[in-house]
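A.B. asks: Questions regarding the structure given below will be posed in turn.
The values are calculated or read from the model by the stated rules, or taken from the named source; none is laboratory data. Because the structure is a prediction, the values reported are computed rather than measured. Every residue, glycine among them, receives a Cβ derived from its backbone with ideal geometry; neighbour counts consider all protein chains shown. What goes into the accessible areas is simple: the full protein's heavy atoms, side chains included, and nothing from ligands, DNA or RNA. Shrake-Rupley method; radii C 1.70, N 1.55, O 1.52, S 1.80 Å.
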Amino acid sequence: MAQCEQVLTPVDGVVARLRALDAALPARDGVAVFNRVYLAVTRAVDRRIDAGLFPDALVVITLDVRFAEYYLAAVDAAADGRRPPACWRPLFQLRRHPGVRPVQFALAGINAHIGHDLALAVVDTCRTLGCEPADLEDEFEAVGELLLSLEERIRDELVPGPESLRIADPLTHLLGAWSLDRARDAAWTAARALWALRRLPDVAAEFTERLDTAVGFAGRMLLTPLPD
């Protein structure tokens, strides 16, 4: 596909919306914790698009915007008193729980967004651009490498230092039980499966519902309140 660098406004719009949420939410709110991490990564994607560092800018722009729409739709649903998708529900339900640590909120948001939303965003992107998932693989991998910086950012900013994070701390075991890299790989597999099922809408809908439920269950486990 030819690059289409002029279509940058939608990503700028996503950044603006994330910035507005960051300004409006209390700093300790669980959704705010995830939002700050997501804003930083989205800004990094935007900078790399502007610098021409992705194989196909149009694919990355489309995927980035479709991806963000799922999170923003969950935010809007919660704000309107509607139920967010099951994958997001634990984060919104426990966002103010005093026994949940900031890193848990961040991981629960990442789990929902990558474990569920990313697969759907890949399918949406294929439909929008009239291509197959295989045509997006290079861009998916390039964005995925940037997403892996989430773990580094979380560890730098949200995880207690070595002197306080002991081997017996339940947080140590929780952090070892979830992997962004594995979640990204699973999202790619789910996207390919959903694309293969696109002519079987009932089966695709059931697959999506089960994926939503499973990711939500994992998110609830990530948000288990921990002792200080």
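A.B. asks: Please identify the longest segment of the chain free of exposed trypsin sites (Lys or Arg not before Pro), where exposed means a DSSP state other than H, G, I, E or B and no more than 15 other Cβ atoms within 10 Å.
C.D. replies: 97-165
A.B. asks: Now for a different question. Say the dipole of the chain comes from +1 at the beta carbon of Lys and Arg and -1 at that of Asp and Glu; which of Ala78, Ile154, Pro133 then lies farthest toward its positive end?
C.D. replies: Farthest towards the positive end: Ala78.
A.B. asks: Quick one: order Leu211, Leu147 from most to least accessible surface, probe 1.4 Å.
C.D. replies: Leu211, Leu147
A.B. asks: Just the number: Rg to Rh for segment 59-161, Cα atoms, Kirkwood Rh, two decimals.
C.D. replies: Here Rg/Rh amounts to 1.02.
A.B. asks: On a 0 to 90 degree scale, rounded to 10, what angle separates helix 118-129 from the longest Cα axis of the chain?
C.D. replies: The angle comes out at about 20 degrees.
A.B. asks: Residues of the chain: accessible area per residue at 1.4 Å, in Å²?
C.D. replies: Per residue, the chain has 48 Å² of solvent-accessible surface.
A.B. asks: Another one. Over the chain, how many percent of alpha carbon pairs lie in each 10 Å bin up to the one with the longest distance?
C.D. replies: It works out to 8, 33, 37, 19, 4, 0, in whole percents.
A.B. asks: While we're on this one: When every alpha-carbon pair in segment 107-151 is counted, what percent end up more than 17 Å apart?
C.D. replies: Tail of P(r) above 17 Å: 36 percent of Cα pairs.
A.B. asks: Can you work out the Karplus-derived ³J(HN,Hα) for every residue in segment 64-72? Use 6.51 cos²θ - 1.76 cosθ + 1.60 with θ = phi - 60°, whole Hz, and x for glycine or proline.
C.D. replies: Result, ordered by residue: 4, 6, 4, 4, 5, 4, 5, 5, 5 Hz.
A.B. asks: Shifting gears a bit: In whole Hz and in residue order, list the ³J(HN,Hα) couplings for segment 80-97 that follow from phi through the Karplus curve 6.51 cos²θ - 1.76 cosθ + 1.60, θ = phi - 60°; x for Gly and Pro.
C.D. replies: 8, x, 9, 7, x, x, 4, 5, 8, 4, x, 4, 6, 6, 10, 4, 10, 5
A.B. asks: What's the carbon and sulfur percent of the chain's accessible surface, probe 1.4 angstrom, rounded to a whole number?
C.D. replies: On the chain, the fraction of accessible area on carbon and sulfur atoms equals 54 percent.
A.B. asks: Continuing with the same structure: If a/c stays under 1.5 just call it rounded; otherwise compare a/b with b/c (prolate if a/b is bigger, oblate if not). Do that for segment 46-119, with a ≥ b ≥ c from the square roots of the Cα gyration tensor eigenvalues.
C.D. replies: Cα axes put segment 46-119 in the prolate bin.
A.B. asks: Now for a different question. Measure nothing but the geometry: give the 0 to 90° angle between the long axis through the Cα atoms of 102-112 and the longest principal axis through the Cα atoms of the chain, rounded to 10°.
C.D. replies: 30 degrees
A.B. asks: If you take every residue apart from Asp64 with its C-beta less than 13 Å away from the C-beta of Asp64, what net charge results, scoring Lys and Arg +1 and Asp and Glu -1?
C.D. replies: Once positives and negatives cancel, what remains is -3.
A.B. asks: Just the number, please: Stokes-Einstein D of segment 43-85 in µm²/s, Kirkwood Rh from C-alpha pairs, 4 °C, 1.567 mPa s.
C.D. replies: The calculation lands on 111 µm²/s.
A.B. asks: Just grab the label-to-label distance for Thr224 and Arg19, each label 7 Å out from Cα along the Cβ direction, in nm (one decimal).
C.D. replies: Between Thr224 and Arg19, the simple spin-label model gives 4.0 nm.
A.B. asks: Still on this structure, please answer the following. Can you give the Rg to Rh ratio of segment 12-81, both from alpha-carbon atoms, with Rh computed by the Kirkwood formula?
C.D. replies: Reported Rg/Rh (Cα atoms, Kirkwood Rh): 1.01.
A.B. asks: Build a GNM of the chain with springs between Cα atoms under 10 Å: which of Gly109, Gly52, Gly30 gets the top mean-square fluctuation?
C.D. replies: Highest fluctuation of the listed residues: Gly52.
A.B. asks: Still on this structure, I have one more. What's the extension gain from Ala79 to Gln93 if we count 0.36 nm per residue and subtract their Cα-Cα distance?
C.D. replies: Length gained between Ala79 and Gln93: 3.8 nm.
A.B. asks: While we're looking at this one, here's another question. For every helix of n ≥ 4 consecutive DSSP H residues, a contribution of -39,500 (n - 2.57) applies; sum these over the chain, divide by its total residues, and give [θ] at 222 nm rounded to the nearest 500 deg cm²/dmol.
C.D. replies: Mean residue ellipticity at 222 nm (helix-derived): -22000 deg cm²/dmol.
A.B. asks: How big is the dipole moment of the chain about its Cα centre under a simple scheme where the beta carbon of each Lys and Arg is +1, that of each Asp and Glu is -1, and everything else is neutral? Debye, nearest 20, please.
C.D. replies: 880 debye
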